[in-house]
Amino acid sequence: MTYLFQMLNGIGLGMLYFLLAVGLTIIFGLLQFVNFAHGAFYLLGAYLTYDFVERGMNFWLAMLLAAVIVAIVAGAVEAILLRRIYKLPHTFHILVTVGIALFIQEMVIILWGPLGAVWRHRTG
């Protein structure tokens, strides 16, 4: 029985990897730009939404406000950093966008702590 569950788990994980690979291939193929920072922007939006809701804001309004803030931040990053590297090889795209992702992740840790919002909510 354990082997059956492990086999089903492996098949499910393989399907997720396949969907991720196909999605990234399509995105990178069409846009001709390798962006590894998009997940960090989702992270920022999620934490902003959580913070706004914890401060008493309506969930849907908090989501909308967080999306607008993240769009402004992403637009500024695109205008300041990414426009300069569009014509460069993909290795520069990877280097800069991974750096952006690490910067955003560390800023989230500085602002909201290393353990995450759920842990703080349960203990605080």
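The values are calculated or read from the model by the stated rules, or taken from the named source; none is laboratory data. Worth saying up front: this structure is predicted, and the values here are computed from it rather than measured. Glycine gets a Cβ as well: all are built from the backbone with ideal geometry, and neighbour counts include every protein chain shown. These accessible areas exclude ligands, DNA and RNA; they are computed on the full protein's heavy atoms, side chains included. Shrake-Rupley method; radii C 1.70, N 1.55, O 1.52, S 1.80 Å.
Descriptive notes on the structure:
- Think of the chain as a dipole: +1 on every Lys or Arg Cβ, -1 on every Asp or Glu Cβ, centred on the Cα centre; then among G10, P114, L20, L20 lies furthest on the positive end.
- With contributions of -39500 (n - 2.57) from each DSSP H run of at least four residues, the per-residue ellipticity at 222 nm computed over the chain stands at -27500 deg cm²/dmol.
- For segment 43-83, projected area of the alpha-carbon convex hull averaged over all directions, nm²: 2.7
- The calculated pair-distance distribution of segment 1-52 uses every alpha carbon pair, bins of 10 angstrom beginning at 0, and gives 21, 27, 28, 21, 3 percent.
- Choice from V96, V34, V68 with maximal GNM fluctuation in the chain (Cα, 10 Å cutoff): V68
- Segment 1-106 - accessible surface per residue (Å², probe 1.4 Å): 73
- Evaluated on the chain, the Kirkwood hydrodynamic radius is 17.1 Å, with distances taken between all distinct Cα atoms.
- DSSP H segments from the chain that extend 30 Å or more along their own axis, Cα-based, with Kyte-Doolittle mean of 1.6 or above: 2-31, 59-80, 90-112
- Only Lys, Arg (+1) and Asp, Glu (-1) charged, at Cβ; the chain dipole about Cα centre in debye: 120
- Per-peptide packing, taken as the mean over residues of other Cβ atoms within 10 Å, places 74-81, 35-42 in the sequence 35-42, 74-81 from highest down.
- Surface/4 of the Cα convex hull for segment 73-117, nm²: 3.6
- Overall, the accessible surface of segment 19-92 at a probe of 1.4 angstrom is composed of carbon and sulfur to the extent of 74 percent.
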